[in-house]
Amino acid sequence: MDVGIGTLLLGAALMLVLAAIIALPLFDRPAPIHPPLTRRQALMKAREDIVRQIRELDFDYRTHKLNEADYQALRAELIQRGAYVLRQLDELPPEEEVEDEIERNVQKLRRNQ
């Protein structure tokens, strides 16, 4: 059995190509799709972000990374943004009312069909 080196290299190359084709789907997984945030969820996320930023700002001030003037200006801005987000949250209808309205609309659609 005289097998040439070229035949062995061709066989090895073919095996590598087949292994890559078989393994490719294992590594090519699509990213999970997240549903879009509701207005309430987006505002709650903004609120959490602002609270986190205020805590980090306070920590930076306590560790002397910020001077007094910068700290006061940045904190006042964050407090103002936080108050705006809270006002926006207060203007939203309670979640129960939204769920009741959705249920009423679903019932209307079912009656119309």
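Just so it is clear, none of the values below were taken in a lab; they were calculated from the coordinates. Treat the numbers as computed from the prediction; the structure is a model and nothing was measured. Virtual Cβ from ideal backbone geometry, glycine too; neighbours counted across all protein chains shown.
Below is a table of values for the structure above.
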{"quantity": "For the chain: relative contact order, % (alpha-carbon pairs under 8 angstrom, 6 or more apart)", "calculated": "25"}
{"quantity": "The range 62-70 - phi-based ³J(HN,Hα) in whole Hz, Karplus 6.51/-1.76/1.60, Gly and Pro as x", "calculated": "5, 8, 6, 8, 10, 8, 4, 5, 5"}
{"quantity": "Computed E for Ile54/Asn105 - FRET, C-beta separation, R0 35 angstrom, nearest 0.05", "calculated": "0.35"}
{"quantity": "Positive-end extreme of charge dipole, the chain - chosen from Val98, Ala42, Ala20 (charges on Cβ)", "calculated": "Val98"}
{"quantity": "Student exercise, the chain dipole from Lys, Arg, Asp, Glu Cβ charges, in Debye to nearest 20", "calculated": "180"}
{"quantity": "Extended-chain gain in nm, criterion 0.36 nm per residue less alpha-carbon gap, Asn67 and Leu18", "calculated": "11.4 nm"}
{"quantity": "For the chain, fraction of C-alpha pairs farther apart than 21 Å, in %", "calculated": "70"}
{"quantity": "Theoretical ellipticity at 222 nm over the chain - DSSP helices of four or more residues, -39500 (n - 2.57) apiece, nearest 500", "calculated": "-27500 deg cm²/dmol"}
